[in-house]
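**Student:** One structure follows; several queries about it will come next.
The values are calculated or read from the model by the stated rules, or taken from the named source; none is laboratory data. Being a predicted model, the structure only gives us computed values, none of them experimental. When we count neighbours, we look across all protein chains shown, and the Cβ atoms used for this are built from the backbone with ideal geometry, even at glycine.
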Amino acid sequence: MKEKQKTLNRFQILLDAFTLIAAYCIAYFLRFYSPFVSMRQLAFYSFEEYLQLLLYVVPIYLLLNCLFQVYTPRSEMIKLQELLKLLAANVLGIVCFIFILYIVKDYNISRMFLILFFIINIVLGVSTRLLHSIFTKSLTKAK
């Protein structure tokens with residue numbers, strides 16, 4: 001049973017990394033290419049320059065998820081607790097992201113992008129957890 005839980009946790013970490021990357025890319029394209037969030041274009045970075053930041057964003061977010069015990073086995077945690085921990089990790093993650101941008105005096109990151117990334121990351125994170133939970137329950141019932 002422990003080995004199965006370790007495998008599920010590793011899968012969840014990998015899923016979280018892909019979710020972060022997806023949320024980041026979706027936020028970028030919504031901010032800069034969507035007619036719904038059309039704003040005056042200032043001097044912002046290119047998509048490639050935004051992607052370079054992912055080298056820091058993904059590990060920091062995954063570390064925060066670990067620190068907030070988001071990867072605690074689900075049987076030991078109530079769903080609401082898991083979602084609150086995920087929310088707390090995301091709030092601290094975006095605060096860290098903004099703080100690092102402030103420290104390095106990088107003002108060319110769109111604030112709207114940061115807001116969109118924060119919202120999309122939470123929505124995708126919760127959605128993937130719910131789907132993962134449904135999937136693992138269906139596997140358990142199938143046996």
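**Student:** Looking for something surrounded by 11 or more Cβ atoms within 10 Å (Cβ to Cβ), in a helix (DSSP H, G or I), at pLDDT below 85 and not polar (S, T, N, Q) - is there at least one such residue anywhere in segment 109-125?
**Tutor:** no
**Student:** Just one of (1) at pLDDT 90 or above; (2) under 25 Å from LEU139 (Cα atoms) trips up LEU83, so point out which.
**Tutor:** (1)
**Student:** I'm checking my understanding of the structure. Among residues of segment 67-80 that are exposed (fewer than 13 other Cβ atoms within 10 Å of the Cβ) and either under 14 Å from the mean Cα position of the chain (by Cα) or modelled with pLDDT of 80 or more (or both), which one is farthest from SER133 (Cα to Cα)?
**Tutor:** Among residues in segment 67-80 that are exposed (fewer than 13 other Cβ atoms within 10 Å of the Cβ) and either under 14 Å from the mean Cα position of the chain (by Cα) or modelled with pLDDT of 80 or more (or both), the one farthest from SER133 (Cα to Cα) is LEU67.
**Student:** May I ask you to list the residues in segment 12-33 that are surrounded by 13 or more Cβ atoms within 10 Å (Cβ to Cβ) and at pLDDT below 90?
**Tutor:** Hits for segment 12-33 are GLN12, ARG31, PHE32.
**Student:** Can you give me the number of residues within segment 3-23 that are over 11 Å from the mean Cα position of the chain (by Cα) and among the hydroxyl-bearing types (Ser, Thr, Tyr)?
**Tutor:** Count: 1.
**Student:** Picking from LEU124, LEU92, LEU80, LEU62, which residue would you name as being touching a residue at least 40 places away in the same chain (Cβ under 8 Å) and farther than 17 Å from LEU8 by Cβ?
**Tutor:** LEU124
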